[in-house]
Amino acid sequence: MSEPKAQSSFGGPISASTRADVLVRLRRIEGQVRGIQRMVEEDRDCQDVVVQLAAIKASIASLNTLVAENCAQQCLCSAEQLDTTDVTRLLDLLKAAR
C-alpha cells in the first residue's frame, strides 16, 4: 500500500464567498457555448461564431483569474507558512491563469 501524501497548505476548495460567483459565471459560459452550437447548427456566419468564441475565451480567462486569485488569497492568508515548493506552485498557477 502507498503511504498517504503529506497535506500541503497550497490549494483547497474555492472559498464560500467566491463559490456563488464562480457558479454563476460557469452557467453563463455554458449558455454561451450552447448558443454557439445553435449558431453552427443554423449555418450562421463564421465571423459571428468567431466573435462569440472570443467572448467565451474572455469569460473563461476572467473566471480563471478569479479562481487563481482565490487560491492565492487562501494560501497567503492561511495560518500555515508556505514552503518554497508551495510558493513555486502558486506562482506557476498565477502565470497559467494569465
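List of remarks:
- Condition check for Gln81: at pLDDT below 95, on the phi < 0 side of the Ramachandran plot and touching a Gly at 6+ places or on another chain (Cβ under 8 Å): no
- Qualifying residue in the range 41-55 (condition: under 22 Å from the mean Cα position of the chain (by Cα) and either of a type in the set (D, E, K, R) or at pLDDT below 95 (or both)): no
Conditions tested, residue by residue: (1) open to solvent by 100 Å² or more (accessible area, probe 1.4 Å); (2) in contact with a helix residue (DSSP H, G or I) (Cβ under 7 Å, 6 or more places away or on another chain); (3) within 26 Å of Thr18 (Cα to Cα); (4) among the charged types (D, E, K, R).
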| residue | (1), (2), (3), (4) |
| --- | --- |
| Val33 | no, yes, yes, no |
| Val51 | no, no, no, no |
| Ala55 | no, yes, yes, no |
| Ile60 | no, yes, yes, no |
| Leu63 | no, yes, yes, no |
| Cys71 | no, yes, yes, no |
| Gln74 | no, no, yes, no |
| Ser78 | no, no, yes, no |
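- Total residues in the range 19-29, condition free of Cβ contacts under 8 Å to residues at least 12 places away in the same chain and open to solvent by 100 Å² or more (accessible area, probe 1.4 Å): 2
The values are calculated or read from the model by the stated rules, or taken from the named source; none is laboratory data. Keep in mind it's a predicted model, so treat the numbers as computed, not measured. Cβ: placed from backbone, ideal geometry, glycine included. Neighbour counts: every protein chain shown. With ligands, DNA and RNA removed, areas are computed over all heavy atoms of the protein, side chains included. Shrake-Rupley method; radii C 1.70, N 1.55, O 1.52, S 1.80 Å.
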